[in-house]
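Asks: There's a structure below that I have some questions on.
Every number here is computed from the coordinates shown, using simple stated rules; none is lab data. Predicted model only: the values in this text are computed from it and were never measured. Note that we place each Cβ from the backbone using ideal geometry, even for glycine, and neighbour counts take in every protein chain shown.
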Amino acid sequence: MKNQNHQLSDPHNFSYNGIYVGKRVLITGHTGFKGSWLVTWLLSLGANVIGYSVGIPTNPSSFQVLNLENKLEHITGDINDLDHLRQVFSHYSPDMVFHLAAQAITRLSYDTPQETFYTNMIGTVNVLECIRYSKSVKAAVIITSDKCYQNVEWVWGYREDDKLGGDDPYSASKACAEIACHSYVKSFFSKDDSPRISTARAGNVIGGGDWAVDRVVPDCMRAFFSNKLLELRNPRATRPWQHVLEPLSGYLWLGVNLLQGNERVMDTSFNFGPLSDFHRTVEDLVAGFSKILKKGEWFISEKDNKEKKESTILSVNCEKALTCLDWHAVLSFEETIRMTAEWYDDFYSGKDSDMYDATIKQIEEYEDFAQKRGLVWAEH
């Protein structure tokens with residue numbers, strides 16, 4: 001493993017009870033938006049991180065902006081390449097796996113349906129196969145999406161035992177991944193000494209460093225900081241917006257519980273979502289950024305988007321995470337907007353020359369919020 005001298009000098013005093021100190025943690029999809037934040041957080045917790053990803057997904061990318069390649073074992077590889085993935089598992093002997101690699105854009109799935117299904121379903125099966133034959137893996141969190149539910153656009157949140165499905169290829173592929181995980185657990189991971197597996201479902205994550213195409217926050221930031229008009233495709237669509245650190249805190253805490261053998265979290269799924277009053281429209285979100293940044297103009301698109309339908313309402317119920325993990329979101333909608341806007345402002349304005357340090361500061365700020373609001377995982 002690389003010498004990760006950027007870790008905290010005494011990570012035992014940090015959150016998660018020091019469980020991740022010295023752990024070999026493999027993250028698939030580590031070069032993506034969520035993956036980069038997870039890498040940064042795990043490094044600060046004292047973990048030895050191995051990243052496996054097919055490439056750099058965007059330009060710019062948070063992975064490159066944070067200079068993460070020099071801070072972990074960075075491996076370029078496709079999760080559809082089972083032989084290569086097996087070699088990585090064998091060589092690095094990870095203790096813990098976080099599987100994030102995916103084709104993650106709903107509208108893109110209409111253009112590349114076969115690739116979306118293959119990556120999201122077969123790629124997940126490949127990861128499970130490697131865990132199945134690994135002698136080192138003790139636990140794994142398989143991240144899918146809140147879009148794995150058969151969405152009938154009701155106003156209340158979906159529970160973990162609600163029907164899976166999806167009309168678009170992306171949503172359907174995530175439902176398939178959930179079914180595959182359940183099958184593997186029942187078929188291969190049911191013994192006392194088996195790796196402990198859970199799936200995690202979250203969506204509509206925002207935060208600094210996302211430059212993906214066809215997402216409202218990256219589109220908004222690109223337009224606002226280049227003084228261009230922002231085109232809003234679906235301004236009245238309502239989403240439960242949450243900062244990226246919210247679900248990541250849940251994934252990490254779920255991982256701790258799996259490693260510690262908490263039977264209440266094994267062979268099950270968890271929703272990780274924001275506080276109940278976070279259901280705001282796309283235009284509310286954009287207006288919030290404009291107010292904080294004191295810039296930005298937009299217009300409502302008149303294009304017909306019926307061929308690439310996206311849900312208007314989608315939310316999840318997170319009572320299970322509260323009951324079994326004592327986890328809940330901590331940020332207000334205003335705090336979520338502010339932290340996201342400040343990260344992009346630091347980047348585009350050059351206020352903070354080291355965006356890795358700026359990112360660590362936001363993680364520390366979030367942990368401080370969580371500790372003050374009584375979250376168990378944040379206790380030092």
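Asks: Modelling each spin label as a point 7 Å along the Cα-to-Cβ direction, I'd like the Gln64/Ala287 distance in nm, to one decimal.
Replies: Result: 3.7 nm between the two label points.
Asks: Loop-only GluC sites (Glu not before Pro) in the stretch 143-195, please: DSSP not H, G, I, E or B, and at most 10 other Cβ atoms within 10 Å. Spell out each step's value before the answer.
Replies: Numbers: sites: Glu153, Glu160, Glu178; in loops: Glu153, Glu160.
Answer in residue order: Glu153.
Asks: With a/c under 1.5 counting as rounded, go ahead and sort the stretch 109-192 into rounded, prolate or oblate using the C-alpha gyration tensor (a ≥ b ≥ c being the square roots of the eigenvalues; past the cut-off, prolate if a/b is larger than b/c, else oblate). Display every interim value, and only then the final one.
Replies: Numbers: a/c = 2.92, a/b = 1.49, b/c = 1.95.
It comes out oblate by the Cα gyration axes.
Asks: Would you mind ranking Asp210, Asp354, Asp78 by Cβ crowding within 10 Å, fewest neighbours first?
Replies: Numbers: Asp210 24, Asp354 11, Asp78 16.
The most exposed by this proxy come first: Asp354, Asp78, Asp210.
Asks: Next up: Quick check on the exposure proxy: order Lys71, Lys135, Lys174 from fewest to most C-beta atoms within 10 angstrom.
Replies: On the way: Lys71 20, Lys135 7, Lys174 31.
So the ranking, lowest neighbour count to highest, is Lys135, Lys71, Lys174.
Asks: For the chain, set up a Gaussian network in which alpha carbons nearer than 10 Å are linked by springs, and say which option among Ala101, Ala180, Ala202 fluctuates the most.
Replies: Ala180
Asks: Let me ask you something else. List every residue whose amide H lies under 5 Å from the amide H of Ala200, counting only residues 5 or more places away in sequence or on a different chain, with H placed 1.01 Å from N in the peptide plane.
Replies: Here Ile142, Ile143, Thr144, Phe270 satisfy the definition.
Asks: What does DSSP give for the stretch 20-378 in terms of the percent of beta bridges that are antiparallel, rounded to the nearest 5? Show your work: numbers first, answer last.
Replies: Values: 4 of 37 bridges.
Rounded to the nearest five, the antiparallel share is 10 percent.
Asks: Return a whole-number percent for the relative contact order of the stretch 81-198, with Cα pairs under 8 Å and 6 or more residues apart as the contact set. Let's see the in-between values first.
Replies: On the way: 153 pairs, mean separation 38.0, N = 118.
Relative contact order here is 32 percent.
Asks: If neighbour count is taken as other Cβ atoms inside 10 Å, put Glu302, Glu342 in order from fewest to most. Walk me through the numbers on the way to the answer.
Replies: Working: Glu302 6, Glu342 19.
Arranged by neighbour count, lowest to highest, Glu302, Glu342 become Glu302, Glu342.
Asks: By its C-alpha gyration tensor, with a ≥ b ≥ c as the square roots of the eigenvalues, how is the chain shaped: rounded for a/c under 1.5, else prolate for a/b larger than b/c, else oblate? Could you put the intermediate results ahead of the total?
Replies: Values: a/c = 1.45, a/b = 1.21, b/c = 1.19.
In terms of gyration-tensor shape, rounded.
Asks: Another question about this same structure. Taking Cα pairs under 8 Å and at least six residues apart, what relative contact order does the chain come out at, in percent? Please report the intermediate quantities before stating the final value.
Replies: Working: 718 pairs, mean separation 68.5, N = 380.
For the chain, the relative contact order is 18 percent.
Asks: Report ³J(HN,Hα) in whole Hz for each residue of the stretch 356-366, in order, from the Karplus equation J = 6.51 cos²θ - 1.76 cosθ + 1.60 where θ = phi - 60°; Gly and Pro get x.
Replies: So the J values, rounded to whole Hz, are 5, 4, 4, 5, 4, 4, 5, 4, 5, 4, 5.
Asks: Quick one: which residues, 5+ away or cross-chain, put their amide H under 5 Å from the amide H of His243? H built at 1.01 Å from N.
Replies: Ile206
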